[in-house]
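See structure below.
The values are calculated or read from the model by the stated rules, or taken from the named source; none is laboratory data. What you see is a predicted model, and the numbers here were worked out from it, not measured in a lab. Virtual Cβ from ideal backbone geometry, glycine too; neighbours counted across all protein chains shown.
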Amino acid sequence: MQHVTPDEALHLVEDEGYVYLDVRTEAEFQAGHPAGSVCIPAFLRTPAGMAPNPEFLDIARRHLKLDTPIVVGCQAGGRSAKAAEWLEQAGYQTVVNCSGGFGGGRDPETMQPVPGWQAAGHPVETGGEALR
């Protein structure tokens with residue numbers, strides 16, 4: 001799987017026609033997300049903690065064609081890496097993971113800090129709903 005920084009993700013979305021898929025919870029998405037992004041939570045909060053969303057791929061298939069180029073992002077990069085893996089296994093052809101996500105994290109290969117989308121000063125909006 002390819003990992004990109006928030007700067008690279010912005011370029012892919014603005015200049016290459018990628019869709020930014022935010023896989024955080026709907027509440028996280030509503031509090032702030034990359035402008036123009038769509039939300040399909042990869043994990044849901046349960047009484048026992050976070051659990052994979054059993055409808056994730058079904059929702060993705062309803063809204064995103066297999067040839068749609070996708071940047072997957074979450075809060076720090078972990079959930080999105082797992083979601084990107086699921087999408088690739090489901091046959092999506094062009095999927096990249098946004099290292100650092102929305103709030104910042106670490107590059108999975110170098111473990112160096114990566115500022116998130118918001119800290120990088122990229123366009124942010126609030127509100128919205130997850131796709132169903």
Every listed condition ((1) touching a strand residue (DSSP E or B) at 6+ places or on another chain (Cβ under 8 Å); (2) modelled with pLDDT of 95 or more; (3) not in a strand (DSSP E or B)) holds for P41 save (1)
Scanning segment 11-35 for residues that are outside any helix (DSSP H, G or I) and β-branched (V, I, T), the one surrounded by the fewest Cβ atoms within 10 Å (Cβ to Cβ) turns out to be V19
Residue hits (segment 14-38; within 19 Å of H3 (Cβ to Cβ) and either modelled with pLDDT under 95 or under 13 Å from the mean Cα position of the chain (by Cα) (or both)) are Y18, V19, Y20, L21, D22, V23, R24, P34, S37
Filter segment 67-108 for residues that are in contact with a Ser or Thr (Cβ under 8 Å, 6 or more places away or on another chain) and not in a loop (DSSP other than H, G, I, E, B); the one that is farthest from E26 (Cα to Cα) is R106
Residue pairs qualifying under the 6 Å Cβ cut-off, at least six apart or on distinct chains, with the first in segment 91-102 being surrounded by fewer than 24 Cβ atoms within 10 Å (Cβ to Cβ) and the second being polar (S, T, N, Q), are V96/Q2
Per the filter on segment 59-74, residues surrounded by 12 or more Cβ atoms within 10 Å (Cβ to Cβ) and either out of contact with any Phe, Trp or Tyr (no Cβ under 9 Å at 6 or more places or on another chain) or closer than 12 Å to A130 by Cα (or both) are I59, A60, R61, H63
